[in-house]
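Visitor: Take this structure first; my questions come after.
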Amino acid sequence: MANKNKEKLVDVKNLKTYFYTEEGVVKAVDGIDFEIYPGETLGIVGESGCGKSVTSLSIMGLVESPPGKIAEGEILFEGIDLTKLSQAEMRKIRGNEISMIFQEPMTSLNPVYTIGDQISEAIIIHKGLSKKEAMKESVEMLKKVGIPLPEQRINEYPHQLSGGMRQRVMIAMALSCDPKLLIADEPTTALDVTIQAQILELMNSLKASYGMSIMMITHDLGVIAEISDRVAVMYAGKIVEYTDVNTLFADPKHPYTWGLMNSIPKLDRDVNRLQAIPGIVPNPLNFPDGCKFNTRCPLAEGKCFTDEPKIVDAAEGHKVRCWRYKDLEEMKKQNVKIYEEQR
Amino acid sequence: MFAYFIRRTLGVIPVILGVILVVFILTTIVPGDPARIMMGQRGDPETLKLIRKEMGLDEPTHVQLVKFYKDVFTLNLGRSYRNNMTVIESIKSRLPVTATLAIGAMIIAVVLGVSIGIYSATHQYTWQDYLSMIFSLLGIASPVYFVGLIMVIIFARKLGWVPGTGLGNGEWIYYVLPILTLGVRPMALIVRLTRSTMLEVVHQDYVKTARAKGLKEKAVIYKHALKNALIPVITIIGLQTASLLSGVMLTETIYSLPGLGRLSIQAVTNRDFPIIRGVVLFMALVFVLANLLVDLSYGFFDPRIRYE
């Protein structure tokens, strides 16, 4: 890939974010490595509780502490380790060079302040503009995210806007200081499908015009396909597969990813029942020995129950964390259904 | 916004009319013949009859009611049976003491209550938090007369820091204990409420958004969280004026202060109906107005209310 030669914007190395609770240590993120290059979109996909949101909060330095703590690892942003910065230094980066949008547009805006107030706030602190100038900027931002009548909207309150509009406001707020990285934590999950498509399209076009990178966190493979350049699949606090988006969809090498792909209904195939991954995500307080996916994996055997696999290069630019990915390859060739159809 | 104010203000009118009616009914159904109370034991039947006629007490109830409404609206509430002062004059002369007490107590309750509540919430599970929770629990659980007596014993008798009774020549030091006594309960309530709403609010998504913008923690708490957390606190402040007004009666009795509370207690023991009516009406009016003020300030704190 061409962008491999570019300087990395974000380089996460062996990040471990743990929560020290009364019941025990929850290893929400347990040793993950990934990098984001300038101008690309990295998708992070996984089920609820796999650690994808905690990953994003770790980068933002917003993990609630206590009980949470970055126990180990580095988050290099343009070569600076964010985990070593003070709160004051971190505040200069937050909302300025790295900004974030959240899942729930209905609750992510403060109900008691106007849209303009909330957008201009970040502009005032990071760009040092006066309130008046910042308001003007805010109007410009609202125009860019496609909100009609921005001069009027700026004086309105969040409850006067629809969910899609509010997410646009969130995007305007996040982009107001030209961030280099936008972290989007399930930005479309709470929206209905047509609005989802609009928001993704908006993000794609803004990414191009701003030249920023996006870290897209989602559980929705459709969103990943729509927007990502490369994808990290997370399971139980670890990355289990990491490659570019086309390879991932064409040739998933981890049984978990394979299961996710198979559980998507397909319009071009006549299927009565979907193949689903059995079981649920294991309790983070009580992860199984060996591979964390062994409680649900149809291929799990012997070694999978005793030793945790390392993430290895299965092919050029295609990492996978599985003892049996080669066997899966064989089975795929022979068209064996490894997951049962759901009754 | 303006329409909301007007609508709320107009909504007070039926409430006031209702209050007047209730006050009339209460003072009519309680036993005791006003004419006899005025004359004491010496009144002969002829004089009593005359007085009843003069006061309109021989009229049918509905006629008396209409007359009462008229009297209230013309501020002609009659004279005390005891010392012949007009009701308005009596209230006027007693009001400053009570107002000082109530306003002082409310200021202490709100200022200290909200600040301690915020501190507790932002320092959850520290010893300061536990301490403030224990004291506020005690504060809520202790009735005014208990707090008052304990304060007198400790601060006036044992330590001798402040006077424990009377008003002296009206120096501020005489107000210290009464104001504290009256303020403890609403303060304790406000501490707990502020703490719990604050804790709820700081976990809201918009607080996360504010942090993600790179705002200072102070701005996050005092700008983004506090304004949201105060909405339920304001409601409680309005409701607390009621317990403040009843607390005033106890406090003024404990500290022998010449305020409205003492006036009304004396009026009740003396069956001084015009004064009872006057004071009860006045207090009800204060309560209604306080809650109107609360309603109006919602419009300021919560934009969602103005347009609905």
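The values are calculated or read from the model by the stated rules, or taken from the named source; none is laboratory data. None of the values given here were measured: they were computed from a predicted structure. Neighbour counts run over all protein chains shown; Cβ positions are idealised from the backbone, glycine included. Keep in mind that these areas ignore ligands, DNA and RNA; they rest on the heavy atoms of the full protein, side chains included. Shrake-Rupley method; radii C 1.70, N 1.55, O 1.52, S 1.80 Å.
Visitor: Limited to the stretch A:29-54, what total is found for residues that are small (Gly, Ala, Ser), within 14 Å of A:Asp185 (Cβ to Cβ) and either part of a strand (DSSP E or B) or free of Cβ contacts under 8 Å to residues at least 24 places away in the same chain (or both)?
Guide: Summing the residues that are small (Gly, Ala, Ser), within 14 Å of A:Asp185 (Cβ to Cβ) and either part of a strand (DSSP E or B) or free of Cβ contacts under 8 Å to residues at least 24 places away in the same chain (or both) in the stretch A:29-54 gives 1.
Visitor: Here is a follow-up. For the stretch A:90-198, give me every one of the helices (runs of 4 or more DSSP H) that falls completely inside it and has 3 or more residues that are within 14 Å of chain B (Cβ to nearest Cβ) and closer than 30 Å to A:Glu35 by Cβ.
Guide: Answer list for the stretch A:90-198: A:115-127, A:163-175.
Visitor: Let me spell it out: the conditions are (1) surrounded by fewer than 17 Cβ atoms within 10 Å (Cβ to Cβ); (2) facing another protein chain (nearest Cβ under 8 Å); (3) closer than 22 Å to A:Ser209 by Cβ, and A:Gln87 meets all of them except one. Which number is the exception?
Guide: (3)
Visitor: Go through the stretch B:177-216 and give me each residue that's assigned to a loop (DSSP other than H, G, I, E, B), in contact with a helix residue (DSSP H, G or I) (Cβ under 8 Å, 6 or more places away or on another chain) and open to solvent by 30 Å² or more (accessible area, probe 1.4 Å).
Guide: Of everything in the stretch B:177-216, those that are assigned to a loop (DSSP other than H, G, I, E, B), in contact with a helix residue (DSSP H, G or I) (Cβ under 8 Å, 6 or more places away or on another chain) and open to solvent by 30 Å² or more (accessible area, probe 1.4 Å) turn out to be B:Gln204, B:Lys216.
Visitor: Is one or more of the residues making up the stretch A:200-207 basic (Lys, Arg) and modelled with pLDDT of 90 or more?
Guide: No, the stretch A:200-207 contains no residue that is basic (Lys, Arg) and modelled with pLDDT of 90 or more.
Visitor: Oh, and also: With A:Gly49, A:Gly79 as the choices, which residue is over 28 Å from A:Leu285 (Cβ atoms), open to solvent by 20 Å² or more (accessible area, probe 1.4 Å) and either out of contact with any Asp or Glu (no Cβ under 7 Å at 6 or more places or on another chain) or within 11 Å of chain B (Cβ to nearest Cβ) (or both)?
Guide: Step by step, each of A:Gly49, A:Gly79 is checked, and only A:Gly79 is over 28 Å from A:Leu285 (Cβ atoms), open to solvent by 20 Å² or more (accessible area, probe 1.4 Å) and either out of contact with any Asp or Glu (no Cβ under 7 Å at 6 or more places or on another chain) or within 11 Å of chain B (Cβ to nearest Cβ) (or both).
Visitor: Criterion first (outside any loop (DSSP other than H, G, I, E, B) and open to solvent by less than 30 Å² (accessible area, probe 1.4 Å)) does A:Tyr242 satisfy it?
Guide: Yes.
Visitor: Shifting gears a bit: Which residues, counting only those in the stretch B:108-135, are surrounded by fewer than 23 Cβ atoms within 10 Å (Cβ to Cβ) and either over 19 Å from B:Ala229 (Cβ atoms) or among the polar types (S, T, N, Q) (or both)?
Guide: B:Ile108, B:Ser115, B:Thr122, B:Gln124, B:Thr126, B:Trp127, B:Gln128, B:Tyr130, B:Leu131, B:Ser132, B:Ile134, B:Phe135
Visitor: May I pose another question? Sort out which residues of the stretch A:199-224 are under 13 Å from the mean Cα position of the chain (by Cα) and not in a strand (DSSP E or B), and write them in order of number.
Guide: A:His219, A:Asp220, A:Leu221, A:Val223, A:Ile224
Visitor: Right, next: Tell me which residues, restricted to the stretch B:31-50, are out of contact with any Lys or Arg (no Cβ under 6 Å at 6 or more places or on another chain), exposed (fewer than 14 other Cβ atoms within 10 Å of the Cβ) and at pLDDT below 80.
Guide: B:Pro31, B:Gly40, B:Gln41, B:Arg42 - these are the residues of the stretch B:31-50 that are out of contact with any Lys or Arg (no Cβ under 6 Å at 6 or more places or on another chain), exposed (fewer than 14 other Cβ atoms within 10 Å of the Cβ) and at pLDDT below 80.
Visitor: Collect the residues in the stretch B:94-140 that are in contact (Cβ under 8 Å) with a residue 40 or more places away in the chain, under 30 Å from B:Arg277 (Cα atoms) and among the small types (Gly, Ala, Ser), keeping them in residue-number order.
Guide: B:Ala102, B:Gly104, B:Ala105, B:Ala109
Visitor: What's the number of the only condition in (1) open to solvent by 30 Å² or more (accessible area, probe 1.4 Å); (2) aliphatic (A, V, I, L, M); (3) more than 25 Å from B:Val191 (Cβ to Cβ) that B:Ile275 fails to meet?
Guide: (1)
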